[in-house]
Amino acid sequence: MANPVLKGSSAPQLQYWEIDFSPTQGGRLSKEYKGIDLTQMSALCNQASVAGYSGKLRYEKSLATLTLETSKLSSNLPGGVTSPASDITDKWEISVDQEKPELFENKNFLGQITTMDASLGVAASQQLIQAIRQVATAGTQANAWKNLLDTLRATPVVDASGVPLVSGALLVDVVPGAYLGGMKYFFDDYLRGRTNFVHGKYLLRHTTSAPSDFGVNQADFNVENIYTIAQLLTECQNPALWYLPLPGYLAYKLLAYPVPATMPPNYAWGALKMGSGAVTAARNRVEITTEYLIDACPKHTYGLIS
């Protein structure tokens, strides 16, 4: 059989391009080329591979067909057409981390005993907690509550250096009488071994999906620093930083999250920004995940954002 006579340009010829896209999944660009010169078509295939395309080269009846796909759309549509989709997509999530802190961190318990701290100017509540621990570790006894009251009657309130107050106040004197009954419920639970309680803590998680040659991202700044909630929302709702900023409902949940009535000295209520993990994904993409822990954070350990 004689070889066919091929006419026209030997350069690869674009047949069509199409793009499909969505706000949450980004876009995908497809192209198809045909050509009669296998060498030039192979060179185009190699060039596309280096540029991050995936595709297929088919040669049949003296005609080569190259089909290409990419999720990188920026400045990448033939004919000077602007892409209707972004290379980057964002996903936001608020999850609840169920932790089990010590019973003495419970807000209802602290609400009963920390009023004495403000009136005395010393951490009398912490001395009270130490007295409860002391009695509890002596063993579960039928008269444990009496033993605790006896301990409170015999223990002077001291300042930060351990010196008794000039007033000579005892722990039993500074515990509000109306709270003794409520405190007994906590004390009885502690004796029963219920030394912890379940507490839900918010965690804001953001995932950026981008081409694998993506550059510097906001996730790489202020790592392991503390944001106020206002600073967190300023960053996460900034349309200049994210293709899809933090939705309003998630912002509402962060603002509605209750702030503890009492916090240790030199602590700040806000969000601790963690380092960002990254993983490769389909279509030559990378997913960057950043977590913000919503909590009372020690300023002396992490520091505030600059």
| query | Around Val157, which amide H atoms from residues at least 5 apart in sequence, or from another chain, sit under 5 Å from its own amide H, with H modelled in the peptide plane? | reply | Leu165, Ala169, Leu170, Leu171
| query | Under 5 Å between amide H atoms, partner at least 5 residues away or on a different chain: which partners does Leu304 have, H built in plane at 1.01 Å? | reply | Ile226
| Taking Cα centroids, how far is region 133-154 from region 35-51 in Å? | 84
| said: How high is the relative contact order of the chain? Use alpha-carbon pairs under 8 Å, at least six apart in sequence, and give a whole percent. | reply: 17
| said: Could you derive backbone 3J(HN,Hα) for region 204-209 from the dihedral phi with the Karplus parameters 6.51, -1.76 and 1.60 (θ = phi - 60°), listing whole Hz in sequence and x where the residue is Gly or Pro? | reply: 8, 10, 10, 10, 9, 10
| message | Please report the net charge: other residues with Cβ closer than 13 Å to the Cβ of Thr280, K and R +1, D and E -1. | response | 0
| remark: So, with points 7 Å from each Cα along the Cβ direction, the Gln134-Thr301 label distance in nm works out to 2.8
| Once amide H atoms are placed 1.01 Å from N in the peptide plane, what residues at a sequence separation of 5 or more from Ala281, or on another chain, have their amide H within under 5 Å of its amide H? | Val286, Glu287
| query | Once the piece of chain linking Val279 and Thr65 is laid out straight, how much longer is it, given 0.36 nm per residue of separation minus the C-alpha distance between them? | reply | 73.8 nm
| request: Provide the net charge surrounding Gln98, with neighbours chosen by a C-beta distance below 14 Å and charges set as Lys +1, Arg +1, Asp -1, Glu -1. | output: -1
| field | Coordinate range along principal axes, alpha carbons of the chain, Å, largest first | value | 113, 38, 31
| message | Taking the Kirkwood radius as the inverse of the mean 1/r across Cα pairs, report the Rg/Rh of region 172-286. | response | 1.16
| field | At least 20 Å along the helix axis (C-alpha) and Kyte average at least 0.0, DSSP helices within the chain | value | 177-191
| field | Candidates Glu69, Glu105, Glu18: whichever shows maximal mean-square fluctuation once the chain is modelled as a Gaussian network with Cα springs under 10 Å | value | Glu18
| How much length is gained if the chain between Asn196 and Thr262 is pulled fully straight, taking 0.36 nm per residue apart and subtracting their Cα-Cα distance, in nm to one decimal? | 21.9 nm
| Quick one: Karplus J couplings for region 168-174, per residue in order, coefficients 6.51, -1.76, 1.60, θ = phi - 60°, nearest Hz, x for Gly and Pro? | x, 4, 9, 4, 5, 6, 9
| So which of Lys107/Lys146; Lys31/Lys91; Lys72/Lys253; Lys72/Lys201 end up more than 30 Å apart, counting from Cα to Cα? | Lys72/Lys253; Lys72/Lys201
| request: Please name whichever of Thr290, Leu272, Leu255 sits farthest to the positive end of the charge dipole of region 232-306, dipole taken about the Cα centre and charges placed at Cβ: Lys and Arg +1, Asp and Glu -1. | output: Thr290
| said: Can you classify region 249-306 as rounded, prolate or oblate using the Cα gyration tensor, where a ≥ b ≥ c are the square roots of its eigenvalues, rounded means a/c under 1.5, and otherwise it's prolate if a/b beats b/c and oblate if not? | reply: oblate
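Taken together, the values in this text are just the output of simple stated rules run on the coordinates, not laboratory data. What you see is a predicted model, and the numbers here were worked out from it, not measured in a lab. Glycine also receives a Cβ, built like all others from the backbone with ideal geometry; neighbour counts cover every protein chain displayed.
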